[in-house]
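The values are calculated or read from the model by the stated rules, or taken from the named source; none is laboratory data. Note that the structure is a prediction, hence the values are computed from the model and not measured. We place every Cβ from the backbone using ideal geometry, glycine too, and count neighbours over all the protein chains shown. When the accessible area is computed, the model is the full protein with side chains, heavy atoms only, and any ligands, DNA or RNA have been set aside. Shrake-Rupley method; radii C 1.70, N 1.55, O 1.52, S 1.80 Å.
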Amino acid sequence: MTALAAARDVLTQSEAEARAARMSNCTYTLALSLTRGSPAYDGDVTVTFDDSGSGDTFFDFRGKTIHAFTINGAAVEPDWTGYRLTLPGHALSTRNTIHIRYTNDYDHQGDGFHQFSDPEDGEEYLYTNFEPYESHRLFPQFDQPDIKATYSLMVSAPDEWAVITNARELSATPDADGRTLHQYETTKRFSTYLVCLCAGPFDRFQDRHGDIELGFYYRKSLTQYVDRDELVTITRQGLDFYADFFGLAYPFGKYDQIFCPENNAGAMENVAAVTFNEQFIYRDPPTDSQRRRRAEVILHEMAHMWFGDLVTMRWWNDLWLNESFATYMSYLAMTSATRFTSGWQDFNAGMKNWAYRQDQLVTTHPISGVVEDTDQTFLNFDGITYGKGASVLKQLVAAIGMDGFREGTRHYFRTYPYSNATLAQFLASLEAGSGADLKEWARLWLETASLNTIGTKWEADGERISALSLTQAASPEYPTIRPHTLEIGLVREEAGSLTVESLPAAIRAAQVDVPAAIGRAKPSLVFPNFNDHGYFKVALDAESVAFARENMERIDDPLLRNLLWASLWSMVRDQQLKSTDFLAVVRERVAKEPRIELAEVVLSQAQTALARFVPEDMKEREGHLLFATCYEALRAADDGDAQITWMRAMIAAAPNAEDIGVLAALADGAEAVAGLTVDQQMRWSIAIKSVGYGLPGGSARLAAETLRDPSDRGQRELLRAETSAPDAITKAAAWEKFLGQGYGSLYLTESAMSGFNWPRQRDLLGPYVEKFFAATPEVFRTRDKEFYAGYFSALFPGYRVERAVLERGERLLAETEAELPILARMLKEANDELGRAIKCCEFAAS
């Protein structure tokens with residue numbers, strides 16, 4: 001039977017709860033036949049399970065053709081919508097055996113069972129990506145986290161292919177037609193979304209760490225870029241740290257890490273077979289901050305082996321706990337066990353600021369909330385789930401102590417191995433480990449939305465503090481006042497340098513006095529989140545703002561500098577500091593920043609200010625001034641990371657033909673900076689900017705880069721360049737292709753989309769504002785979520801910071817909110833961000 005046209009492929013929480021109440025003791029025996037160059041594969045699955053219920057139920061299965069379907073030995077005519085396969089109640093018993101033979105097409109959207117052809121050597125690679133609800137693209141199953149199962153796989157594949165699954169290989173025997181039959185151990189119990197299968201002519205290297213077999217896999221064309229030593233070192237350090245911290249050795253035998261092309265996620269924590277985006281294999285020389293981010297991702301996915309894989313959430317409403325815990329633990333492991341000891345600074349600049357931004361949108365939501373179906377899960381992979389949750393855990397650890405937190409996690413893993421658990425059960429384990437009552441903490445921090453703002457009020461009598469209090473505010477929409485455990489940093493001049501005195505404090509109300517501050521030396525700056533334990537916005541007093549603006553680089557503590565820059569940036573977003581004034585501070589101070597990693601963060605904020613918060617008639621001037629600042633810093637830089645950072649910032653800032661000409665001269669060697677290497681990604685960016693600005697020689701530069709880089713990266717960059725051209729015919733053809741057959745894979749289509757909108761091409765792109773809003777509802781009705789998310793992100797005309805665009809977005813929201821809830825959320829967030837940008841531009845112009 002061939003599938004009928006599929007309706008909406010979604011599973012509700014109530015449906016999942018009904019199935020979980022019936023089903024238990026589930027096993028899958030799966031045989032797959034993979035043929036090189038074929039658009040499809042064949043599968044044969046036998047599923048056994050106990051059923052304590054009655055009536056019909058269903059498998060999730062998104063496939064092409066079912067050839068055979070038997071239930072307990074009897075053939076059954078499939079009742080199949082294309083994503084749901086009915087298991088008729090009259091055919092089921094207390095113990096069941098289901099057999100299905102089928103054919104399915106490979107996926108090309110980055111989810112499901114993805115197929116990729118390497119443009120450099122023509123080799124084919126396959127990999128799976130299933131979270132939260134895509135495992136049923138590979139085989140029929142109960143696709144929900146709380147029906148855990150064991151899996152026994154056999155895979156027939158071309159002889160030269162490596163085949164990686166969740167389990168160790170038992171045997172590899174010759175099969176027909178130049179193929180090998182691979183058979184794998186039966187796995188331990190885990191959830192369906194954690195199943196993994198990767199296949200292709202992967203290059204590899206292997207190692208051991210104690211009893212754990214380590215495998216690293218990557219495309220042949222990337223072998224020259226693989227940093228073996230650092231990958232092994234971080235992996236070993238993480239395994240040791242977690243085994244010691246959790247009091248439990250790594251539970252799944254072997255540990256493979258596979259770098260996969262066109263991977264939608266940064267990485268995925270499949271049991272014993274973690275998949276990574278290839279961005280973590282650096283084709284161009286990376287900065288140390290890039291290496292640190294890769295280490296965090298490696299450690300994040302590894303933490304999931306315990307928290308998420310060994311013990312798994314019962315339903316997706318506890319996704320936040322899964323991701324927040326792994327995020328917190330990855331930074332803890334990185335700073336405790338690796339050379340990347342400044343990880344918490346990276347946490348603040350990345351994860352925490354992502355959380356702050358997300359938590360101030362109109363779509364803010366509690367950390368722990370209701371997730372009615374798997375589509376809602378897709379939207380909750382956000383800054384609140386990852387960044388806020390991890391920040392709150394960090395604050396909780398500061399309150400209950402690291403020993404109590406450690407013992408609580410050990411209690412959790414001892415109690416629920418290879419099963420599912422809820423937030424309440426996790427909190428009960430932390431209470432058992434720490435002796436603390438966490439019920440009120442959970443109510444205030446996990447079940448309410450948005451964030452607080454904390455500031456200080458202080459007075460001095462001569463050279464001594466006479467009074468100091470903390471203040472706490474909340475928005476009218478979300479008026480919760482929460483408990484915060486924090487440190488107050490008192491910065492003052494002393495013998496020609498700055499010192500910082502830390503003062504522990506806590507606040508549970510709208511205001512609290514801090515008597516311990518009285519009599520201490522008068523500060524020049526007061527910062528109420530020293531060491532970054534708290535999750536809140538900081539309201540700096542006027543004197544502290546003025547001091548920070550003039551003395552930022554003099555503060556020795558890099559985390560405090562990071563936090564102060566973040567506070568200034570928050571003031572820009574809240575229309576308390578003009579974007580142009582912020583850019584002036586950046587120009588004056590950023591080149592003096594001792595840590596290039598922090599300069600990189602500040603430059604990123606400056607780029608956002610230029611793109612979104614500076615009035616249109618000021619953009620070229622402000623962009624050129626930033627470009628000139630970065631160019632001067634580049635010429636003064638004496639190490640590779642600094643040169644890379646300043647050069648990347650120059651490329652992003654360049655606002656006119658003259659500045660782009662400087663970049664081109666650096667790329668061509670007509671102008672030189674000692675020690676600078678203009679890498680391939682920089683070359684592509686310069687070429688694409690030349691094309692987007694319609695500069696003479698842009699096409700020739702593009703042709704040269706195409707010859708220099710024939711890889712899949714080059715293929716994507718070329719598509720981005722082609723749609724960047726300021727040409728009406730080119731734009732029309734690209735738009736038609738976006739909404740039609742696309743460019744092959746979703747990755748390629750998104751690359752082409754990313755080149756479409758250029759602020760400099762406002763007049764040319766004018767008609768596509770209405771075209772976007774007119775086409776969007778049908779895109780969300782008919783396309784997969786990965787496509788419509790990419791389409792919306794790339795093509796929403798937010799580059800036009802205009803009230804007319806905002807009004808059109810609000811009209812579309814009113815028209816579609818009831819019918820298309822995912823579109824509604826995306827529109828609310830885009831409209832909210834656009835409204836903020838309009839206010840910031842108007843404030844800057846005032």
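Length, then width, then depth: along the principal axes, the Cα atoms of the range 626-785 run 54, 32, 28 Å. What the range 600-706 shows is 38 Å² of accessible area per residue, with the surface traced by a 1.4 Å probe over protein heavy atoms. Protein heavy-atom surface of the range 592-682, 1.4 angstrom probe: 52% of the accessible area is carbon and sulfur, with nucleic acids and ligands not counted. Projecting the Cα atoms of SER466, ALA665, ASN25 onto the charge dipole of the chain (Cβ charges, centred on the Cα centre) puts SER466 farthest toward the positive pole.
Sites listed here are GluC sites (Glu not before Pro) in the range 655-706 whose DSSP assignment is loop and whose Cβ has at most 16 other Cβ atoms within 10 Å: GLU671. Cross-link partners of LYS731 among aspartates and glutamates, defined as those whose alpha carbon lies under 17 angstrom from its own and excluding same-chain residues fewer than eight positions apart: GLU717, GLU722, GLU750, ASP763, GLU770.
P(r) tail, the range 566-719: Cα-Cα pairs separated by more than 29 Å, 20% of all pairs. Extending 7 Å from the Cα toward the beta-carbon at both LEU707 and LYS522 defines two label points whose distance is 7.0 nm.
Give the Debye-formula value of log10 I(q)/I(0) at each listed q (0.16, 0.25, 0.30 Å⁻¹), with one equal scatterer per alpha carbon of the range 577-632, two decimals each. Each listed q maps to, in turn, -0.42, -1.00, -1.35. Listed by chain and number, the lysines whose C-alpha is less than 26 Å from the C-alpha of LYS839, apart from same-chain residues fewer than 8 away, are LYS352, LYS388, LYS537, LYS578, LYS619, LYS771, LYS828. Computed from label points 7 Å out along Cα-Cβ, the spacing between LYS220 and ALA611 is 3.8 nm. Convex hull volume of the C-alpha atoms in the range 281-426, normalised per residue: 132 Å³. Average 1/r across all pairs of distinct alpha carbons in the range 388-489, invert it, and you get the Kirkwood radius: 16.0 Å.
Protein heavy-atom accessible surface, 1.4 Å probe, per residue over the range 35-81: 43 Å².
Charging the Cβ of each Asp and Glu at -1 and of each Lys and Arg at +1, and nothing else, the dipole of the chain about its Cα centre rounds to 800 debye. Between SER336 and ASP668, the simple spin-label model (points 7 angstrom out along Cα→Cβ) gives 5.5 nm.
Averaging 1/r over each pair of different alpha-carbon atoms in the range 104-244 and inverting the result gives 16.8 Å, the Kirkwood hydrodynamic radius. Taking the range 740-792, how much of its Cα-Cα pair set, in percent, is spaced more than 17 angstrom apart? The answer is 42 percent, as a whole percent.
Look at the dipole of the chain built from charges on Cβ: of THR816, ALA734, ALA566, the Cα furthest out on the positive end belongs to ALA566. When the range 216-270 is described by a simple charge dipole with +1 on each Lys and Arg Cβ and -1 on each Asp and Glu Cβ, the residue from ILE234, LEU222, ALA249 located farthest towards its positive end is LEU222.
If you take all other residues with their beta carbon under 15 Å from the beta carbon of TRP354, and give Lys and Arg +1 and Asp and Glu -1, the sum is -1. Solvent-accessible area assigned to carbon and sulfur over the range 34-166 amounts to 47 percent, based on a 1.4 Å probe. Based on protein heavy atoms only, the range 731-846 ends up with 41 Å² per residue of surface accessible to a 1.4 Å probe. Shown is the FRET efficiency for ARG8 and ARG95, computed with R0 = 41 Å from the Cβ-Cβ distance and rounded to the nearest 0.05: 0.80.
Taking the square roots of 5 times each eigenvalue of the Cα gyration tensor of the range 437-476, largest first, gives ellipsoid semi-axes of 32, 13, 5 Å.
For LYS522, a cut-off of 20 angstrom between C-alpha atoms picks up these lysines, skipping any fewer than 8 places away in its own chain: LYS457.
With viscosity 1.567 mPa s and temperature 4 °C, the Kirkwood radius over alpha carbon pairs of the range 1-116 converts through Stokes-Einstein to a diffusion coefficient of 85 µm²/s. Dividing the mean sequence gap of close Cα pairs (under 8 Å, 6+ apart) by how many residues the chain holds gives a relative contact order of 8 percent. Mind pulling up the Rg/Rh value for the range 443-531? Radius of gyration and Kirkwood radius, both on Cα. Ratio of gyration radius to Kirkwood radius: 1.05. Determine, at each q value in 0.11 (inverse angstroms), the log₁₀ of I(q)/I(0) that the Debye formula gives when each Cα of the range 696-846 is one equal point scatterer. The calculated log intensity ratios at q = 0.11 Å⁻¹ are -0.48.
Counting only DSSP H runs of at least 4 residues, each contributing -39500 (n - 2.57), and dividing by the residue count of the chain, the helix-based mean residue ellipticity at 222 nm comes to -13000 deg cm²/dmol. Taking a point 7 Å out from the Cα of PHE381 in the direction of its Cβ, the residues of the range 96-126 whose backbone N falls within less than 20 Å of it are 106-116, 126. Accessible surface of the range 202-338, 1.4 Å probe: 41 percent of it comes from carbon and sulfur atoms.
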